[in-house]
Amino acid sequence: MAVFAVQYTYIDDAQRLATFRPEHREHLAELLREGTLLLSGPLDDGSEALLIVVADSAEDALAKLDGDPFKRERVIVDRVAREWKVVIGELPGA
């Protein structure tokens, strides 16, 4: 298993994001409990987010996030996963 930084880019519709945010966060909380998700949160103005995921590959990291209600509701316009090799510090669960 490796650690992946996944960046989400959202649609420009704050109301639509707000509508599905509670379900999105519930889903991410479940991934956190199971050990798949280590950290997540919005970047800057909230038009993007960063999620830190444990997976076997970049494709696997994205697949583990496929159940996200934000994906289902098409509020994510782009998702990019990159392996992140932490060399200083420690991540919980990594």
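With R₀ set to 41 Å, the beta-carbon distance separating residue 15 from residue 84 gives a calculated FRET efficiency near 0.80.
Rounded if a/c is under 1.5, else prolate if a/b is larger than b/c, else oblate: which is the chain, with a ≥ b ≥ c the root eigenvalues of its Cα gyration tensor? It comes out prolate by the Cα gyration axes.
Where in the chain is the longest stretch that carries no trypsin sites (Lys or Arg not before Pro) classed as loop by DSSP and with at most 12 other Cβ atoms within 10 Å?
Details: sites that count: 74, 85.
Longest gap between qualifying sites, sites excluded: 1-73.
Helix 14-34 and the longest principal axis of the Cα set of the chain meet at an angle near 30°.
The value of relative contact order for the chain, using C-alpha pairs under 8 Å at least six residues apart, is 47 percent.
Quick note: the coordinates plus some simple rules give every number you see, no bench work behind them. The structure presented is a predicted model; accordingly, all values stated were derived computationally and were not measured. FYI the Cβ positions are ideal-geometry reconstructions off the backbone, even for glycines, and counts take in every protein chain you see.
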